[in-house]
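Below you'll find the structure, written out as structure tokens, and then a few comments.
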Amino acid sequence: MPEPTDIVPALLTAAQLTVSDTELATFVRDYPLIRQGADALYLLDLGAAEPASRFDPLDFYPTGKDA
């Protein structure tokens, strides 16, 4: 499994972002916690169901759709 020291620079490169050495060190340090949080959003037992309802502000403000 790739290490955060490999993953974070690859993600930043893919996003075409340049960060300082201090920022990079912080991102590398925090990546496992952030990844864990993101992974917790996936619930396999939901299958193809939507995880949450969607809110379209244009449905709430119908005149916005005509503008």
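Things to note:
- Residues in the stretch 1-16 that are of a type in the set (A, V, I, L, M, F, W, C) and in contact (Cβ under 8 Å) with a residue 12 or more places away in the chain: 7, 8, 12.
- Looking at the chain, the helices (runs of 4 or more DSSP H) lying wholly inside it that each contain 3 or more residues that are at pLDDT below 95 sit at 21-39, 57-60, 63-66.
The values are calculated or read from the model by the stated rules, or taken from the named source; none is laboratory data. Remember, predicted model here, so these are calculated numbers, not experimental data. Virtual Cβ from ideal backbone geometry, glycine too; neighbours counted across all protein chains shown.
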